[in-house]
Amino acid sequence: MDLRLRLFGIPVQVSLFFFVIVVLLRPRGDDNPALAVAWVAIAFVGVLLHELGHALTARAFGQTPAIALHGMGGVTYWRQRGELTAWKRVATSAAGPGVGVTLGLAAWLAGIATGLAAETTAAATVLDYFVWVNLGWGVFNLVPMLPLDGGAIVAAGLEGLFGPGGRRAARYLSILVALGVAVLAVAVGAFIAAALCALFVYTNVQGLRAERDAPHAAFPTPEPGPEPLPRDDGR
């Protein structure tokens, strides 16, 4: 069963599996139930704000976006309505992590200015959660490998400069970056991150094969998709 709501007129669909993964990703070391609830709430709001950054920018460019939060994070997508140039796709892709980085950086600086960042209180832990979800995840999303936002920015930019050939270049770059990050992740024992990079390698290899079979296909939207927009049945 999924949760459905609307924010600023944009349909949002939230899978319960999203919350399961968020709980599993919670930083270890504190069994305080209140902090566990705070982590889930911060992660939910942080990912949602990230996707709203994409969605509101896409709507400003004439699209009709929708948001879905699922086990792998979030996705913003739409049915194409009119032309969305490569540079508009760059802006749309950058808007999501831009929101998170701005909020996280502001919170981090505020924590330093007030001294809260140096404390070991529950409030300081909540601040750490907020900075990690917004600034940390936002920066990671800017790594230039598809399907992350950084990869989408590079792909749209290369397509704008070099045409369809830029898409394939972005795929190859994504594979190289993912392999490099995977090696580093294994070296430091971050095996989940390594597995995620392996998944990115696979999806980009599949993308290269699909583009070879349909070389004139339009480049996908900045987020994975496209998929049918969530049904709006008023519930």
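Please treat every number below as a calculation from the coordinates, not as lab data. Remember, predicted model here, so these are calculated numbers, not experimental data. Quick reminder, even Gly has a Cβ in these numbers, built from the backbone with ideal geometry, and neighbours come from all protein chains shown.
In degrees, nearest 10, range 0 to 90: what is the angle between the Cα axis of helix 86-114 and the longest Cα principal axis of the chain?
10
Note the full-extension length gain between Val139 and Phe17 as 0.36 nm times their separation in residues minus their Cα-Cα distance, in nm to one decimal. The partial results should precede the final answer.
Working: separation 122, 0.36 × 122 = 43.92 nm, distance 2.41 nm.
In short, 41.5 nm is gained.
Give the angle, between 0 and 90 degrees and rounded to the nearest 10, that separates the Cα long axis of helix 149-162 from the longest principal axis of the Cα atoms of the chain.
Relative to the chain, helix 149-162 is tipped by roughly 30 degrees.
What whole-number value in cubic angstrom gives the convex hull volume per residue for the C-alpha atoms of segment 105-168?
Details: hull volume 4.7 nm³, N = 64.
In segment 105-168, the Cα convex hull volume per residue is 73 Å³.
On C-alpha positions alone, give me the angle between the axis of helix 165-187 and the longest principal axis of the chain, in degrees, nearest 10.
Once rounded, the angle reads 30 degrees.
After finding the eigenvalues of the alpha carbon gyration tensor for the chain, what semi-axes result from the square roots of 5 times each, listed largest first in whole Å?
On the way: eigenvalues 187, 98, 58 Å².
For the chain, the ellipsoid semi-axes come out as 31, 22, 17 Å.
Add -39500 (n - 2.57) for each DSSP H run of 4 or more in the chain, then divide by its residues: what number comes out at 222 nm, to the nearest 500 deg cm²/dmol?
Only helices count here, giving -20000 deg cm²/dmol.
In percent, how large is the relative contact order of the chain, given Cα pairs closer than 8 Å and 6 or more residues apart? Walk me through the intermediate numbers first.
Values: 355 pairs, mean separation 45.4, N = 235.
In percent, rounded to a whole number, it is 19.
Run the simple label-point estimate for Arg209 and Arg81 please: 7 Å along Cα→C-beta, distance reported in nm.
So the two model labels end up 3.6 nm from each other.
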